[in-house]
Amino acid sequence: METKEDQADLFREFFDDGEFSMDKVRELSELMMRYNSAIREVRTKFEVLNDELSLKTSRNPIESIQSRVKKALSIAQKLRRLGKSVTVENISKELNDVAGVRVVCSFIDDIYRVADMLAKQDDITVVAVKDYIRKPKLNGYRSYHMIVEVPVFFSESKQIMRVEIQLRTVAMDFWASLEHQMKYKKESADRPEIAAELKSCAEVIAATDARMMAVRKRIENLEKQTEKEKN
Ligand code: 0O2
């Protein structure tokens, strides 16, 4: 069980010197608790979709789900980077990615399928979509990003919370994780030959994703044909 002092220590680095107070720490802890709850809501929605689709198709469209609430220090750094003052009010006003859910799918078409199913749920509002699969970033990064709003019910209120969702295949996740790790190695920063090699790896991975999906479709068609011939 976290004490007030533990919470103050956890969040102290968030506050500019002037703003720190136990009231502000309480406000920030409550906001973080709300983001955590929003993550749980969104995770459950994907778990339910995966359970249902697994039954229908005899395979798991979702391989894994990861989630995180952004650390207090990273939140403060991002607000400063945006030129905003580091206040509790500005967190929900200025940032979309405090709560993040990453959904790793088996195949590219699974991404669009589960994203569409989530978007159609009547308590979900899609605020923004960035399709870095159809339009990859210059460095080769591929993923499907959504910012959604989801209602969360607390003891005395309903809060609409924003969650950033990243959907990608296992292969895209492999590339993004390694590229993210290597970004922080000073030796590789600004070396065009390394950037070109990473981009080339992303293209090989994308081509493999497309081939794997084509193989799966061929197997499904063969199964259907065998089924037809039996009847
Ligand atoms: P972290 O540590 O993962 O949280 P915005 O959120 O809209 O203000 P941006 O950059 O326009 O900022 O959003 P975008 O393009 O949707 O990207 C947000 C997140 O996608 C990043 O979060 C990364 O997780 C991931 N991402 C985007 N581009 C890349 C990339 O080139 N390589 C890798 N590995 N990941 C990427 P953060 O906050 O940067 O980091």
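The values are calculated or read from the model by the stated rules, or taken from the named source; none is laboratory data. Note that this is a predicted model, so its numbers are computed, not measured. Every residue, glycine as well, gets a Cβ built from its backbone with ideal geometry; the counts of neighbours run over all protein chains shown.
So the values come out like this:
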{"item": "Some residue of region 107-129 being over 23 Å from V215 (Cβ atoms), basic (K, R) and in contact (Cβ under 8 Å) with a residue 24 or more places away in the chain", "result": "no"}
{"item": "Output for region 72-91, where each listed residue is out of contact with any helix residue (DSSP H, G or I) (no Cβ under 7 Å at 6 or more places or on another chain) and assigned to a helix (DSSP H, G or I)", "result": "L73, S74, A76, Q77, K78, R80, R81, E89"}
{"item": "Members of region 172-183 found to be touching a residue at least 40 places away in the same chain (Cβ under 8 Å) and more than 14 Å from I65 (Cα to Cα), listed by number", "result": "E179"}
{"item": "Leading residue by the ranking (nearest to the ligand (Cβ to nearest atom)) among those in region 97-111 that are of a type in the set (V, I, T) and not in a strand (DSSP E or B)", "result": "V98"}
{"item": "Members of region 50-71 found to be assigned to a helix (DSSP H, G or I) and not acidic (D, E), listed by number", "result": "N50, L53, S54, L55, K56, T57"}
{"item": "Y184 of a type in the set (S, T, Y), closer than 30 Å to F107 by Cβ and within 15 Å of the ligand (Cβ to nearest atom)", "result": "no"}
{"item": "Looking only at region 132-141, and only at residues there that are surrounded by 15 or more Cβ atoms within 10 Å (Cβ to Cβ) and within 9 Å of the ligand (Cβ to nearest atom), the one that is nearest to Q121 (Cα to Cα)", "result": "Y132"}
{"item": "Residue satisfying condition, being surrounded by fewer than 17 Cβ atoms within 10 Å (Cβ to Cβ), farther than 25 Å from E47 by Cβ, within 14 Å of the ligand (Cβ to nearest atom) and of a type in the set (D, E), within set E179, E94", "result": "E94"}
{"item": "So E47, is it over 16 Å from the mean Cα position of the chain (by Cα) and part of a helix (DSSP H, G or I)", "result": "no"}
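Condition check ((1) surrounded by 15 or more Cβ atoms within 10 Å (Cβ to Cβ); (2) within 16 Å of the ligand (Cβ to nearest atom); (3) within 30 Å of L28 (Cβ to Cβ); (4) modelled with pLDDT of 95 or more) across all residues:
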| site | (1), (2), (3), (4) |
| --- | --- |
| V48 | no, no, no, yes |
| E52 | no, no, no, yes |
| T57 | no, no, no, no |
| I75 | yes, yes, yes, no |
| T87 | yes, no, yes, no |
